[in-house]
1. Can you name every residue in region 87-135 that is assigned to a loop (DSSP other than H, G, I, E, B), among the charged types (D, E, K, R) and either without any contact (Cβ under 8 Å) to a residue 40 or more places away in the chain or open to solvent by less than 60 Å² (accessible area, probe 1.4 Å) (or both)?
2. For residues in region 46-86 being among the polar types (S, T, N, Q), in a helix (DSSP H, G or I) and in contact (Cβ under 8 Å) with a residue 12 or more places away in the chain, which is most open to solvent (accessible area, probe 1.4 Å)?
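The values are calculated or read from the model by the stated rules, or taken from the named source; none is laboratory data. Note that the structure is a prediction, hence the values are computed from the model and not measured. Ideal geometry is used to build each Cβ from the backbone, glycine not excepted, and the neighbour counts take in all protein chains shown. Side chains are part of the model used for accessible areas, which takes the heavy atoms of the whole protein and leaves out ligands, DNA and RNA. Shrake-Rupley method; radii C 1.70, N 1.55, O 1.52, S 1.80 Å.
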Amino acid sequence: MNAKEYLSQAWYLDKRIKTKERQLDWLRSHAAYVSPKISDEPKVTVSGRRSPVEEAVVRIVELETEINNSIANLMMLKQEIGKAIRSVNNMECETLLEMRYLTFLSWEQIASQLDYSQDYIYHLHRKALGLVKVL
């Protein structure tokens, strides 16, 4: 794995978390439409089968657990990546790498905040990647 692939892991994990959060929002909004059927007669259920309401709740809880685990993994990964970035020992390069790989800013945002041209940002990025020691 090269330096760019290593540093990009957090971005991809963040995107996966956001996708799961959108799925969770959808599930929550649609779970309200899942309602049990109420009747005077007792319902005999096939053993091992859940009602639609139970299925919706179980899926929501499972997805929440997945999201929480992914967030914990993202936090650990960002710490690891932060350590690799700090090993660069060049303030300018470290700043660029943190902006790109820890806060996920676009190239335009980085250039604007650092008051550099986008071409110089690309040049500095190549230099910074060459200084990263993949753990």
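1. Matches in region 87-135: ASP115 only.
2. My answer is ASN73.
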